[in-house]
1. Across region 512-558, what is the number of residues that are open to solvent by 20 Å² or more (accessible area, probe 1.4 Å), under 23 Å from I811 (Cα atoms) and part of a loop (DSSP other than H, G, I, E, B)?
2. Here are I736, I703, I687: which of them is open to solvent by less than 10 Å² (accessible area, probe 1.4 Å) and either at negative phi or touching a strand residue (DSSP E or B) at 6+ places or on another chain (Cβ under 6 Å) (or both)?
3. Between residues in region 560-575 that are more than 12 Å from L516 (Cα to Cα) and residues that are open to solvent by less than 50 Å² (accessible area, probe 1.4 Å) and assigned to a helix (DSSP H, G or I), which pairs lie under 6 Å by C-beta distance while being six or more apart or on different chains?
4. Under 9 Å by Cβ, and 6 or more places apart or on different chains, what pairs join a residue from region 378-390 that is without any contact (Cβ under 8 Å) to a residue 40 or more places away in the chain and farther than 19 Å from H343 by Cα with one that is open to solvent by 10 Å² or more (accessible area, probe 1.4 Å) and outside any loop (DSSP other than H, G, I, E, B)?
5. Step by step: first the residues of region 109-140, then only those that are among the hydrophobic types (A, V, I, L, M, F, W, C) and either open to solvent by 90 Å² or more (accessible area, probe 1.4 Å) or at pLDDT 75 or above (or both), then the one that is nearest to R162 (Cα to Cα). Which residue is that?
6. Here are some residues: I35, I30, I46, I88. Which one is touching a Leu at 6+ places or on another chain (Cβ under 8 Å), open to solvent by 40 Å² or more (accessible area, probe 1.4 Å) and within 29 Å of L388 (Cα to Cα)?
7. Determine if region 4-26 includes at least one residue that is of a type in the set (D, E, K, R), without any contact (Cβ under 8 Å) to a residue 60 or more places away in the chain, surrounded by fewer than 22 Cβ atoms within 10 Å (Cβ to Cβ) and within 18 Å of V108 (Cα to Cα).
8. Under 7 Å between Cβ atoms, which residue pairs at least 6 apart in sequence (or on different chains) link something in region 636-648 that is more than 19 Å from E465 (Cα to Cα) with a partner that is among the hydrophobic types (A, V, I, L, M, F, W, C) and outside any loop (DSSP other than H, G, I, E, B)?
Amino acid sequence: MPRFCDVAVPVPLDAVFTYLIPENSPEPVIGGRVIVPFREKRLCGIVTELHDRKPSFTARRISQILDTTPALTPQLMQLGRWIAQYYIAPLGEVLRTMLPLAAEFRRVTGYRITDKGIGALHEAATGGSSLRLKKEPAQQDLEYAVLNRLADGEIVREATLRSASGATKAVLQSMLRKKWIASEDLSDVRDASRSVTFAKLKEISGKLNPNQQTIVDYLRGTEEQRAPLEALRQLTVPRTTLQTLVRRGIVALTQEAASFHLSGLKPRKLEFLFTSAQKIALDAIVGAVEERKFAPMLLHGVTGSGKTAVYLSAMQAVLAKGRSALLLVPEIGLTPAVAADLHQVFGDQVAILHSSLNQDERAEQWKRIRNGECHIVVGTRSAIFAPLPDLALIVVDEEHDHSYKQEEMPRYHARDVAVMHAKMSDAVVVLGSATPSLETYHNAVQRKYRLLELPERIEKRPLPEVEVLDMREEFQRTKKDEVLSRKLVAEIGERLARHEQVMVLLNRRGYSAFVLCRECGESVQCKNCAIAMTYHKREHRLVCHYCGYIRPAPRTCPKCGSEYVQYLGTGSEKLEHILHGLFPQARIARLDRDTVRGREDFERMLSALHAGEIDLLVGTQMIAKGHDIANVTLVGVVGSDAALSFPDFRAAERTFQLLTQVAGRAGRGDAPGKVVLQTFFPDHYAIQFAAAHDYHGFYEKEIRFRSWMHYPPFNAVSNVLVRSQKLEEALAWSGILGKWFAGTRLEGVRVMGPAAAAIVRLKTEYRYHFLVKSASRERMNSVLRAMLEHAEAQKIPRNHLVVDVDALSLI
């Protein structure tokens, strides 16, 4: 057995670390998990190499070997290394992202008293200081309460210590700095299997009091005289009542494996009656799968053209061959509907992976996939790392969507990772969209991808009519600054009178966009970010949508004290309020991040919409993606052209995609659809081409601008962000890197900056950035790595530098 192994641990360092394999221990495996000491902590890492090369330092021993078979297959390890190389990300961070088994490794911190702490405790006791907690204890009282709890010398877990003493994390950190206490890493491995406790009624003997009788009657009323413990806790009886029944042998408690809730939505009626274009696309995909070679394809189909039917049929063909398929969707909100369709077609062969699952659920689904119980997986971007055996097909639905780009380390793009994953697996990858990204469509034009097109809706249904309303003219005629035009209000009224459903898009949350003082002109800014806070009327508070900071809505100006405070701008909450006033009899709902907190909320909302229980749905871009509601015949678009003013070269593309996608929600049933598009920029080409459903026209115009300005797809673009909570540090580090870029020969690479980010302060950090452009990805990658080496030499911390390769957001 090899003596040493290299381990990638989840830290922001571009290195692996060598550890000694303990004697008489199971042999670790490449791709397997191990627990290793790292500085003062114990971390869960992935083995990357086994060898006998003795390092020049004394290697520390592995603490525990968790896997004797690889948790990450050789193909996934290869993919992880590619992501680390391409996106310039630490390998340990990449592998942690790929492996959703965090639930099995529990991070626990313990504390013990030090000699210095014993001295402080003795001094307090002899000096007469009270160790009792007051109603509002000062920090000193809390510190001594902590020392008193630790006085016996035992190590106490953080949760237990905080509960006993009332101390906060800040108090414990202060005591660590004083060296009164020391921390110990008590992290351990646990069984992440989910279970449910059931109470089952047995033989009844003796008298029962009223509370006991309530539980017994409840259990008698169930089908098998058993119920989950959670259901019994809803009864108005003391918890000790059940314990008494268990002791008397009247009720027995059992542990059973928890069931998994795949989707709460009813599946649609699926009838695969294909058009000729669908048949051509399906035959091309199935034929490529049978060749067992890498084949990238773009399925470009207008909204409602039946792309999902093609996906499902291709996946059926894959499953019939005993192979596996993966379907990626951009939003968690789309997952329930797609999962319901897949479960209808494939039954228990389907697994689901996305971030709304808790850690135990994700681990459970991942293990089902690895054990070969599932050959079909649906999920959001992280599902690309599902350990499917014999992967044959990857489908990326709505491939243009920016949700596929992760905005934290590692900053990978799931669409591009899917293409590379398919290449490494000799699989077929299908990128589907009604509005493909310019990069993807350009690859199809250049014949790097095979282009499959669905130019018409199924059953010859027409695309919705789009009416563009110039809101400048509306103001001239009405002399009022109204959110909704008279035309849109009239159209909504007509649809509601015919018992048809309506969607209205306003891509901004909250009630009012900002709060302004009419006396001094100041807006209320977030204390952590250089951005105005948004007013939410229901909770009567201001919220920062970037960091989550909340404060009460002010009655007077926080700066000058003036009472002339005005709430300006319109969000989805205000639009809902306006519509309730205009149509009091209508059943109106709102779909945004404020009304939908989890997957259950989303499922309830979509179920109500499908069942016709909602007449009018207001929402942000969440309503624009993938929803197929047959009775929606009108879509109103309010204020969505504001993005055209953003300092982003992709602003026109994003606006065109959003407008086209939301327009596609109308007229998907028997009745024709209509879109009323309100805009202040009716002559902008993005608006004009979206109204005409003309993707090709938009592509031809936008691609010329990209070519002239050397933006993607002609050049690669990366964003280098320097951040610090101290302004002087951010400026100094930006200056150091700026001088290095200016003094280094950068052949074929252009660097712009440093410049302040569009939001110069975000989440307490000041931010300055560089924009790096190059026609050669290899050259750009080497320059960025050289820059990181220089930053390390200049003592710039790695976690204060963000390198975003193929950046989608420059804000």
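1. 11
2. On the way: I736 fails: open to solvent by less than 10 Å² (accessible area, probe 1.4 Å); I703 fails: open to solvent by less than 10 Å² (accessible area, probe 1.4 Å).
Of I736, I703, I687, the one residue that is open to solvent by less than 10 Å² (accessible area, probe 1.4 Å) and either at negative phi or touching a strand residue (DSSP E or B) at 6+ places or on another chain (Cβ under 6 Å) (or both) is I687.
3. Short answer, once both residue conditions are applied: none.
4. none
5. Initially, region 109-140 is screened for residues among the hydrophobic types (A, V, I, L, M, F, W, C), giving 113, 118, 120-121, 124-125, 131, 133, 138.
Pick out the ones that are also either open to solvent by 90 Å² or more (accessible area, probe 1.4 Å) or at pLDDT 75 or above (or both) and you get 113, 118, 120-121, 124.
On the way: I113: 14, I118: 19, A120: 19, L121: 18, A124: 20 Å.
Applying the filter and picking the extreme gives I113.
6. On the way: I35 fails: open to solvent by 40 Å² or more (accessible area, probe 1.4 Å); I46 fails: open to solvent by 40 Å² or more (accessible area, probe 1.4 Å); I88 fails: open to solvent by 40 Å² or more (accessible area, probe 1.4 Å).
Residue meeting the stated conditions: I30.
7. no
8. A643/A651; L644/A651; L644/A652; L644/A686; P647/A758
The values are calculated or read from the model by the stated rules, or taken from the named source; none is laboratory data. Quantities reported herein were computed from a predicted structural model and do not represent experimental measurements. Note: ideal-geometry Cβ built from the backbone for every residue, glycine included; neighbour counts use all protein chains shown. Ligands, DNA and RNA are excluded from the accessible area calculation, which covers all protein heavy atoms including side chains. Shrake-Rupley method; radii C 1.70, N 1.55, O 1.52, S 1.80 Å.
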